[in-house]
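*Asks:* Below you will find the structure I want to go over with you.
The values are calculated or read from the model by the stated rules, or taken from the named source; none is laboratory data. No experiment lies behind these values; they were computed from the predicted model shown. The protein model used for the area step is the full one, side chains on, heavy atoms only, and it has no ligands, DNA or RNA in it. Shrake-Rupley method; radii C 1.70, N 1.55, O 1.52, S 1.80 Å.
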Amino acid sequence: MNILYTTEQVQQRIREMAQQIITEHRETKPLFVCLLKGAVPFTAQLMSEITKQDPDFHPEVVYMHASAYGTEHTAGEVTMYSSVEPREVAGRTVIVLDDCLDRGVTYGKIKQLLLSCNASSVSLTVLVNKDVRRKGAETPTFIGFTTPDVWLTGMGMDDADTAPEERRWAGYIAEV
C-alpha cells in the first residue's frame, strides 16, 4: 500500500472544497446527495467543515446507495437503492457527493434519476477524480484530488480483495 495523500492533506483539501461550495452556493441552498457507502466519510467531514466555516449555511443531506462495483476490482452493472423522494429534489440545486469518480457510469445514472425528479440542476463533487478517459461523462464541479487510474483505499474507498471494510474509514487516501 502506498499513501498518496495523508490525513492532514485530505483534511486541508476538504476545508478548501467547503469554502468553494459556500462561495458558489450560499444563495442556492443545495440539496446534497451522499452516495453510500463510499462517500460517507467525505460527506461527514465536508458537512462539518461547511457548518464550521458558515454556521448559517445549514446543509441538507439525503442518502442514496449506488454502486457499479461488486466484491472484485472490476466494474459491473450499476445498482441503485434510493430513499430520495422526488418532492425533496424538485426545483432544487442538487450536489451529488461521491468518494471517487472513475468511469462516470454510476453518476450518469444518478444524474438521470435526479433530473427526472425535476431537479433544477445536478452536479458532482468528488474527493478523488481518477484520470481516465470517459465517454460522454461530465467533469465534477468540485474535485479534491486527481489520481492515476489505480485501485484506491481510505476515505470511504475499500479494498475489496484483502480488507473489504478495514481501510474504508482511514483518513488517508492510498493506492492498493
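*Asks:* Based on Cα coordinates alone, diagonalise the gyration tensor for the chain, multiply each eigenvalue by 5, take square roots, and list the semi-axes in whole Å, largest first.
*Replies:* 24, 20, 14
*Asks:* Now for a different question. Counting only protein heavy atoms and a 1.4 Å probe, tell me what percentage of the chain's accessible area is made up of carbon and sulfur.
*Replies:* Carbon with sulfur: 49 percent of the solvent-accessible area.
*Asks:* Using only helices, what value at 222 nm comes out for the chain when you add -39,500 (n - 2.57) per DSSP H run of length 4 or more and divide by the total residues, to the nearest 500 deg cm²/dmol?
*Replies:* Calculated at 222 nm, the ellipticity per residue is -8500 deg cm²/dmol.
*Asks:* Something else: Counting only DSSP beta bridges with both residues in the chain, tell me the antiparallel percent, nearest 5.
*Replies:* 35 percent
*Asks:* Per residue, how large is the accessible surface of the chain? Use a 1.4 angstrom probe and give square angstrom.
*Replies:* Normalised by residue count, the accessible surface of the chain is 50 Å².
*Asks:* Something else: If you look for lysine pairs in the chain that are eight or more places apart or on different chains, how many of them have Cα atoms under 27 Å apart?
*Replies:* Within the chain, the lysine pair count is 13.
*Asks:* Could you give the DSSP H helices of the chain that reach 18 angstrom or more along their long axis (alpha carbon positions) and whose average Kyte-Doolittle hydropathy is no lower than -1.0?
*Replies:* Length and hydropathy pass: 40-53.
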